[in-house]
Amino acid sequence: MLLDVDNITVHYGRLAALRGISVTVEEGEIVCVVGPNGAGKSTTLLAISGVLHPTDGAVTFDGKNIAGMSPEAVARAGISQVPEGRHVFTTLNVEENLRIGTRMRKDRAEIEKDYKRVLELFPVLAERRRQPAGKLSGGEQQMLVIGRALLTSPRIMTIDEPSLGLAPNLVDRVYEVLLELRRNRGLTLLIVEQSSERALKAADRLYVLRSGEIQLEGKAADLQDGKRVRQAYFGFEEGVTHEGEVDF
Ligand SMILES: Nc1ncnc2c1ncn2[C@@H]1O[C@H](COP(=O)(O)OP(=O)(O)OP(=O)(O)O)[C@@H](O)[C@H]1O
Ligand SMILES: [Mg+2]
């Protein structure tokens, strides 16, 4: 197992945003965590990347306990994070933004190869290499942050809501690229999503998180009809109404 989040609890002050959740990711796997607003999805990724520290439980990466480590140390260990909300340096150009991803690496020849590969993967970034990142569209900025994360040469990439605010065709493109990266480079992915349909399409396995607890976990292939996922996601059974309630 590459990543093992074991029974962690995470607090914001006195509020427990996560209460004993467990998530595992095998090498080469695509795992999605889905759930509604406020479920604890971002908190889960922040606890893995060392921004937050669990008050209970363990996070093990490649056999090593990383739960108390700093974000820099976690990144150095091989976990690259694409946080919520497409953080680009708006006044730096596209190339400068991408190069930030390489700053912890010393393997110069490999860096140049990876840089070329990223530009092949996202031709629009090659075209706009010299333009300020702030001038890119939302979808292009998403490509940029994914490209930058790839340039850290991660063993696993965590992505917080890659489809947030993107038009459906751009979301398709982002997911195409992610699936291609797994296929061609064996990249391991842990993706947070609000759309359970999207997760069922892209993931090997998924977890449904709601109110800081895992409600359901399973192979995407076993959950394709979506019924159990929706039930876990919304917390009630479809088609079941109680007296006095209106059945939409
Ligand atoms: N910095 C913070 N301080 C206090 N409470 C927070 C903080 N960040 C998140 N929370 C709370 O923790 C819970 C989980 O938040 P989190 O951001 O992980 O949810 P999420 O599943 O990512 O939601 P969304 O889909 O809206 O991004 C929520 O109740 C939220 O209000
Ligand atoms: Mg979030």
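The values are calculated or read from the model by the stated rules, or taken from the named source; none is laboratory data. Because the structure is predicted, anything quoted here is derived from the model rather than measured. A quick note on method: Cβ atoms are made from the backbone with ideal geometry, for glycine too, and the neighbour counts reach across all protein chains shown.
Quick notes on this one:
- Scan of the stretch 179-205 for residues that are more than 16 Å from ligand 1 (Cβ to nearest atom) and under 21 Å from PHE61 (Cα atoms), ordered by number: LEU181, ARG182, ARG185, GLY186, LEU187, THR188, LEU189, ALA203, ASP204, ARG205
- Subset of the stretch 199-235 [surrounded by fewer than 16 Cβ atoms within 10 Å (Cβ to Cβ) and under 17 Å from SER22 (Cβ atoms)]: SER211, GLU213, GLY218, LYS219
- Residue within the stretch 12-19 that is in contact with a helix residue (DSSP H, G or I) (Cβ under 9 Å, 6 or more places away or on another chain) and within 20 Å of VAL229 (Cα to Cα) present: yes
- Subset of the stretch 203-227 [more than 19 Å from LEU189 (Cβ to Cβ) and among the small types (Gly, Ala, Ser)]: SER211, GLY212, GLY226
- Residue in the stretch 18-34 that is without any contact (Cβ under 8 Å) to a residue 60 or more places away in the chain, more than 18 Å from GLU161 (Cα to Cα), away from ligand 2 (no atom under 16 Å from the Cβ) and assigned to a loop (DSSP other than H, G, I, E, B) present: no
- Residue satisfying all of: in the stretch 171-198; away from ligand 2 (no atom under 16 Å from the Cβ) and of a type in the set (A, V, I, L, M); surrounded by the fewest Cβ atoms within 10 Å (Cβ to Cβ) among these: LEU179
- For the stretch 146-159, a residue qualifies if it is away from ligand 1 (no atom under 16 Å from the Cβ) and either assigned to a helix (DSSP H, G or I) or not polar (S, T, N, Q) (or both), and the qualifying residues are ILE146, GLY147, ARG148, ALA149, LEU150, LEU151, PRO154, ARG155, ILE156, MET157.
- Positions within the stretch 160-189 being in contact with a Pro (Cβ under 9 Å, 6 or more places away or on another chain) and either under 19 Å from THR43 (Cβ atoms) or not in a loop (DSSP other than H, G, I, E, B) (or both), in sequence order: ASP160, VAL171, VAL174, TYR175, LEU178, THR188
Yes or no, residue by residue, for (1) away from ligand 1 (no atom under 15 Å from the Cβ); (2) under 18 Å from LEU18 (Cβ atoms):
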residue	(1), (2)
VAL34	no, yes
LYS41	no, yes
LEU52	no, yes
ALA58	yes, yes
GLU84	no, yes
LEU92	yes, no
GLU96	yes, no
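- Residues that are crowded, with 17+ Cβ neighbours inside 10 Å and in contact with a helix residue (DSSP H, G or I) (Cβ under 9 Å, 6 or more places away or on another chain), drawn from the stretch 20-34: ILE21, VAL23, GLU29, ILE30, CYS32, VAL33, VAL34
- Qualifying residue in the stretch 135-143 (condition: at pLDDT below 95, assigned to a helix (DSSP H, G or I), within 16 Å of ligand 2 (Cβ to nearest atom) and within 25 Å of VAL51 (Cβ to Cβ)): yes
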